[in-house]
């Protein structure tokens, strides 16, 4: 995930979910993108759920462009 994609996710999360402060979301996404060990505590569950949906949406869009 590029830094620009990370920023887009943080913005989308803040505009549509907004349960966690954007700086915490950005830190979590940066750690995830760098392959670091993650803290999957309840505080971050919604971020991980949203990140999984985000990645599935990107995958779907790319498959639609190929088809």
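Throughout, read-outs are computed from the coordinates displayed, never taken from laboratory work. Not measured: the values here are computed from a predicted model. Glycine also receives a Cβ, built like all others from the backbone with ideal geometry; neighbour counts cover every protein chain displayed.
With just the Cα atoms of the chain, tell me how far they stretch along each of the three principal axes, in Å, largest first.
Rounded to whole Å, the extents work out to 38, 25, 21 Å.
Taking the beta-carbon count within 10 Å as an exposure proxy, list 19, 37 from fewest neighbours to most.
With the fewest neighbours first, 19, 37 line up as 37, 19.
Could you work out how much longer the chain between residue 66 and residue 46 gets when fully extended? Use 0.36 nm per residue separation minus the Cα distance between them, nm to one decimal.
On the way: separation 20, 0.36 × 20 = 7.20 nm, distance 3.05 nm.
Taking 0.36 nm per residue and subtracting the Cα distance, the gain is 4.2 nm.
Any chance you could run the full-extension gain for residue 30 through residue 55? It's 0.36 nm times the residue separation minus the Cα-Cα distance, nm to one decimal.
Extra length from residue 30 to residue 55 when fully extended: 7.5 nm.
Let me check against my output: what whole-number percent is the relative contact order of the range 3-66, with C-alpha pairs under 8 Å and at least 6 apart?
Relative contact order for the range 3-66 comes out at 28 percent.
At 222 nm, what helix-only mean residue ellipticity would the chain give, in deg cm²/dmol to the nearest 500, using -39500 (n - 2.57) for each DSSP H run of four or more?
After summing the helix terms and dividing by residue count, I get -25500 deg cm²/dmol.
Apply 1/(1 + (r/R0)^6) to the Cβ-Cβ distance of residue 17 and residue 39, taking R0 = 22 Å, and write down the FRET efficiency to the nearest 0.05.
For residue 17 and residue 39, the calculated efficiency is 0.75.
Once both axes come from the Cα atoms, what is the angle between helix 3-16 and the longest principal axis of the chain, in degrees from 0 to 90, rounded to 10?
It is inclined by approximately 70 degrees.
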